Amino acid sequence: NAALTVDGSCLTWGLGEVGQLGRPVRDVKVNDEYDFDAINQDHLTPQAVELGGKAKVIGCGAYHLLAATELGLLSCGLNNYGQLGDGTTTDRTRPVLVKGLEHASVAQICGGEHHSLCLLGDGSVQAWGRADYGQLGGGKSEASKAGSLREAPGAVPDLNSVTSIACGDHHNLALDDTGAVRAWGYGDMNALGLGKARDEFAPKALAFDVQGSVTITQV
């Protein structure tokens with residue numbers, strides 16, 4: 001978990017075994033025995049992350065933390081698919097800069113299991129991390145093989161004037177200022193709401209089958 005305070009601090013708590021808390025923690029086990037003091041004091045007690053400046057926006061993936069600060073967009077945690085956006089697949093226990101977004105105006109950030117999305121102030125969307133279900137929206141060629149990934153941010157094509165974004169484990173939603181909602185990524189069990197249980201490799205508009213008009217305000 002992560003919380004943004006009124007003074008720009010970011011507090012984290014939960015289990016931080018792969019660095020997702022962004023601060024020093026002791027191992028949860030010593031000699032194959034659980035260290036309950038370490039778990040309670042280091043992991044489960046909310047504590048501040050050292051970001052080097054005030055945080056403006058925060059977000060979480062399944063195993064990684066994202067924070068937009070005065071220094072730029074930072075990330076830490078699991079990085080096996082490049083979801084931290086620092087140009088590597090190395091896990092980070094302390095926040096590192098996301099490449100290419102150091103001076104960007106960040107409106108919203110969120111993460112899936114192994115990918116990240118960032119809504120910029122100009123209404124465009126950047127994506128990075130795991131790509132093999134189409135979760136980066138870059139087309140079928142980028143998702144052509146198992147384990148496909150992108151280690152640094154890139155724009156999601158054909159998304160403009162976006163006002164709200166959201167991540168599932170392997171799929172995404174984006175709402176624009178016309179009220180249109182688009183979905184892409186892993187589509188099993190009809191997760192995308194597009195009427196077919198299949199993956200989509202680029203954002204595709206949803207049709208809402210409801211009585212009368214509907215105005216969407218958040219996804």
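GNM remark for the chain: springs join alpha carbons under 10 Å apart, and the peak mean-square fluctuation among Ala180, Ala166, Ala55 falls on Ala180. Applying 1/(1 + (r/R0)^6) with R0 = 25 Å to the Cβ-Cβ distance of Ala180 and Lys56 gives a FRET efficiency near 0.40. Counting only protein heavy atoms and using a 1.4 Å probe, the accessible area of Lys99 comes to about 110 Å². Taking amide H as placed 1.01 Å from N in the peptide plane, the amide H of Gly100 sits under 5 Å from none that are at least 5 places away or on another chain.
Summary of the geometry: segment 87-157 and segment 1-73, compared by the centres of their Cα atoms, lie 21 Å apart.
Here log10 I(q)/I(0) by the Debye sum over Cα atoms at q = 0.11, 0.15 Å⁻¹ was computed from the coordinates, and among [x] -0.55, -1.10; [y] -0.46, -0.90; [z] -0.54, -0.93 the match is [z]. With contacts taken as Cα pairs under 8 Å at a separation of at least 6 residues, segment 80-153 carries a relative contact order of 35 percent.
Amide H to amide H, with H built 1.01 Å from N, Leu149 comes under 5 Å of Ala131, counting only residues 5 or more places away or on other chains. Charge dipole (Cα centre; +1 on Lys/Arg Cβ, -1 on Asp/Glu Cβ; no other charges) of segment 162-219 amounts to roughly 100 debye. Calculated accessible area for segment 1-57 comes out at 61 Å² per residue, all protein chains present (probe 1.4 Å; ligands, DNA, RNA ignored).
If you plug the beta carbon distance of Lys145 and Val18 into 1/(1 + (r/R0)^6) with R0 = 35 Å, you get a FRET efficiency near 0.90. Relative intensity of segment 131-188 on a log10 scale, I(q)/I(0) at q = 0.17, 0.23 Å⁻¹, equals -0.55, -0.94, per a Debye sum over C-alpha point scatterers of equal strength in the absence of solvent.
Summarise the accessible area of the chain (1.4 Å probe, protein heavy atoms) by the percent that is carbon and sulfur.
Numbers: 5160 of 10820 Å².
Within the chain, the accessible surface is 48 percent carbon and sulfur.
Ignoring solvent entirely, what values of log10 I(q)/I(0) come out of the Debye formula for segment 105-203 at 0.12, 0.17 Å⁻¹ when each Cα is a single scatterer? Log10 I(q)/I(0), no solvent term: -0.31, -0.64.
Here's the picture: a label point sits 7 Å out from the Cα of Ala205 along the beta-carbon direction, and within segment 126-160 the residues with their amide nitrogen under 16 Å of it are 158-160.
A 1.4 Å probe run over the protein chains yields, for segment 135-219, 56 Å² of accessible area per residue, whole-number rounding. Of the trypsin sites (Lys or Arg not before Pro) found in segment 106-149, those that fall in a DSSP loop while having at most 13 other beta-carbon atoms within 10 Å are Lys145.
The values are calculated or read from the model by the stated rules, or taken from the named source; none is laboratory data. The structure presented is a predicted model; accordingly, all values stated were derived computationally and were not measured. Quick reminder, even Gly has a Cβ in these numbers, built from the backbone with ideal geometry, and neighbours come from all protein chains shown. Keep in mind that these areas ignore ligands, DNA and RNA; they rest on the heavy atoms of the full protein, side chains included. Shrake-Rupley method; radii C 1.70, N 1.55, O 1.52, S 1.80 Å.
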